[in-house]
Amino acid sequence: VFFGNGMDTTQEKSVDILDNLKRDTQPLISLPRQKDCTIFDLAYNTNELGWTDLLQGYVQAISSDTSGFWRIMARLQIMPAVLQRLFSDIAVTLDKINYISDSDLRIQAEQYRHEIRDNHKKVILVPHSQGNFYANEAYNLLASLIPISSNNIELVSVANPDSFVAGDSPYTTLYGDVILIVPGRQDPNTDITGTPCSVNGQLPGTNSFGCHDFIGSYLTGTISKPQILSQIISAIPIQSVSLSLPNTGSVVEGDVD
């Protein structure tokens, strides 16, 4: 089970999210064999495309006091409408095209290929926010290298800014999440009960950044948390599967962890 981080998420914070995800998921794994074989890992991306442009736009449109910008990014102040528009414009550039040559993407795709083909394991990706771009592109890249299906790789998407989830896998996006300002994203599909979200509708609310937080919102929601965890549990295989290798036509039989 790999967690893929979003923008503005340090590696330390990503590890914390991964630990929370592992802590909440493991007690729900009912079969001892599944529990013993399931491991959790991090698929970290360092791409911070857009933050420099966003800060520059803030200075030009609002104030030269950059500390105000970081207070907004730290969720200490409400994002003004002009900055929301800038964020939306920049979000348009944060699509899969930007990651095709990204070294982080290549590293992640190789991780997944190794687990699937060499270790005969199933890979479950839990991408959050920007991490969905990486997960979708890694899936497509893998599909060009080895046979893949829901038997050996599956996504459990959270706060998806992309227009689809690879493999037609499930996703969870809260009503009121700031991700809703991204053009072309998938529609929200999850009630905000138990979260800090302020609007149960199509548009982001006044606490849209807090609503976007993986631990503070998605893993606390009365609806969102069990939905995400149940999707992970459902993706964990209970029996071995076969992987046909394109270069030999042979079939490798192995237990999928």
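The values are calculated or read from the model by the stated rules, or taken from the named source; none is laboratory data. None of the values given here were measured: they were computed from a predicted structure. Please note: Cβ atoms are built from the backbone with ideal geometry, for glycine as well, and neighbour counts cover all protein chains shown. Note: areas computed on protein heavy atoms with side chains; ligands, DNA, RNA excluded. Shrake-Rupley method; radii C 1.70, N 1.55, O 1.52, S 1.80 Å.
Annotations
- Any hit, the stretch 178-197, residues being hydroxyl-bearing (Ser, Thr, Tyr) and modelled with pLDDT under 95: no
- Sole residue being surrounded by 22 or more Cβ atoms within 10 Å (Cβ to Cβ), within 30 Å of Pro196 (Cα to Cα) and at pLDDT below 95, chosen from Gly68, Gly131: Gly131
- Of all the listed residues (Ile228, Ile232, Ile236, Ile215), the sole one being in contact with a helix residue (DSSP H, G or I) (Cβ under 9 Å, 6 or more places away or on another chain) and either charged (D, E, K, R) or open to solvent by 20 Å² or more (accessible area, probe 1.4 Å) (or both) is Ile215.
- Subset of the stretch 20-43 [β-branched (Val, Ile, Thr) and open to solvent by less than 30 Å² (accessible area, probe 1.4 Å)]: Thr25, Ile29, Thr38
- In the stretch 143-171, the residues that are closer than 18 Å to Arg113 by Cα and either among the hydroxyl-bearing types (Ser, Thr, Tyr) or more than 14 Å from the chain's Cα centre (by Cα) (or both): Ala143, Ser144, Leu145, Ile146, Pro147, Ile148, Ser149, Ser150, Asn151, Asn152, Ile153, Gly167
- Across the stretch 139-168, the qualifying residues are those that are among the small types (Gly, Ala, Ser) and crowded, with 21+ Cβ neighbours inside 10 Å, and the one among them that is nearest to Asp213 (Cα to Cα) is Ala159.
- Pairs linking a residue in the stretch 152-175 that is under 18 Å from Thr222 (Cβ atoms) and in a loop (DSSP other than H, G, I, E, B) to a residue that is open to solvent by 50 Å² or more (accessible area, probe 1.4 Å) and among the acidic types (Asp, Glu), with Cβ atoms under 8 Å and 6 or more positions apart or on different chains, are Thr173/Asp187; Tyr175/Asp191.
- The set of residues from the stretch 176-201 being open to solvent by less than 20 Å² (accessible area, probe 1.4 Å) and more than 17 Å from Gly221 (Cβ to Cβ) comprises just one member, Val182.
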